[in-house]
C-alpha cells in the first residue's frame, strides 16, 4: 500500500528536479586574433561598459591582469556577462589580449 505512494513521490521529485533541455543550438566560439589589442583603448573600455555593473573589483590594470585567465574563461564559455551578450568582436578583444599575455599597453 505504501509502495505506490512512495513511487509516486519519487516520480514527482524526479520531474521537479529535471531541467528542460534548451533546444537552441549553442554556438562554438573560435577567437580571431588579428593585430594587437590595447588594454587602454580596447579592453578597459569594454570592462567598464560590460563588467563594472557587477564587478567593481576590476578597477585598474593590476586587478584585471590578476583576473585575466578567469575573465577569458568566463567570456569564452558565455557565462559572463550575465545581463548581456558580447559580440564576437568583443570576445576577441578580451580573449586575444589575454592570450597575448595581458600586456599593459
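Quick note: the coordinates plus some simple rules give every number you see, no bench work behind them. Since the structure is predicted, the reported quantities are computational estimates derived from the model, not experimental observations.
One decimal place: the segment residue 73-residue 40 gains 9.8 nm when fully extended, by the rule 0.36 nm per residue minus the C-alpha distance. Stretching residue 55 away from residue 99 to a fully extended chain increases their span by 13.7 nm, per 0.36 nm per residue minus the current alpha-carbon distance.
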